[in-house]
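The values are calculated or read from the model by the stated rules, or taken from the named source; none is laboratory data. If you're wondering where the values come from, they're calculated on a predicted model, not measured in any experiment. Every residue, glycine among them, receives a Cβ derived from its backbone with ideal geometry; neighbour counts consider all protein chains shown.
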Amino acid sequence: MKNEYKHTRTTVSLINYHLVFCPRYRRKIFNIPGVEDRFKELTSIECQTHNIDILAMECHIDHVHMFVSVYPQQSIPDIVKQIKGATSHKLREEFSQLRNMPSLWTRSYFVSTAGNVSSETIEWYINTQKTRD
């Protein structure tokens with residue numbers, strides 16, 4: 001699934017992102033029984049709604065790692081906003097330990113691109129275009 005190209009009427013793409021984000025003040029929310037499972041469930045539903053494929057997802061006690069595949073029309077800030085927004089409201093509503101938090105997630109996040117070829121391979125491919133047969 002990691003190397004499946006996404007097709008629209010006018011594009012063919014392979015865009016994979018590694019996302020990492022944390023709760024406010026690095027609170028250890030995933031130590032609360034049930035929060036991790038509910039987070040994963042809500043995230044899966046939200047991503048399915050927005051055509052975001054989750055390739056991998058794991059929660060540590062105070063942060064989340066996600067590896068997702070998206071269409072080129074989807075921006076990174078919008079993807080993160082959709083996931084954080086959908087999960088923040090529901091988790092704070094369902095778990096009394098999280099209700100007092102004015103917001104669940106920080107505004108910051110880490111993102112890195114990933115594909116099925118390395119940067120060196122792409123650079124070589126571009127640099128050798130005129131010299132290849």
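For the criterion of being at pLDDT below 90 and loosely packed, with under 13 Cβ neighbours inside 10 Å, R99 fails. Of all residues in segment 13-42, those satisfying the criterion of being closer than 15 Å to F95 by Cβ, surrounded by 14 or more Cβ atoms within 10 Å (Cβ to Cβ) and either among the β-branched types (V, I, T) or free of Cβ contacts under 8 Å to residues at least 12 places away in the same chain (or both) are I29, I32, V35.
In segment 64-78, the residues that are closer than 28 Å to Y25 by Cα form Cβ pairs under 6 Å with partners that are among the hydrophobic types (A, V, I, L, M, F, W, C) and in a loop (DSSP other than H, G, I, E, B), at six or more places apart or across chains, as follows: V68/I52.
Output yes when any residue across segment 75-91 is of a type in the set (D, E) and assigned to a helix (DSSP H, G or I), and no when none is. Yes; the residues of segment 75-91 include at least one that is of a type in the set (D, E) and assigned to a helix (DSSP H, G or I). Of all the residues in segment 7-51, those that are closer than 22 Å to I61 by Cβ, within 18 Å of the chain's Cα centre (by Cα), among the β-branched types (V, I, T) and not in a helix (DSSP H, G or I) number 1.
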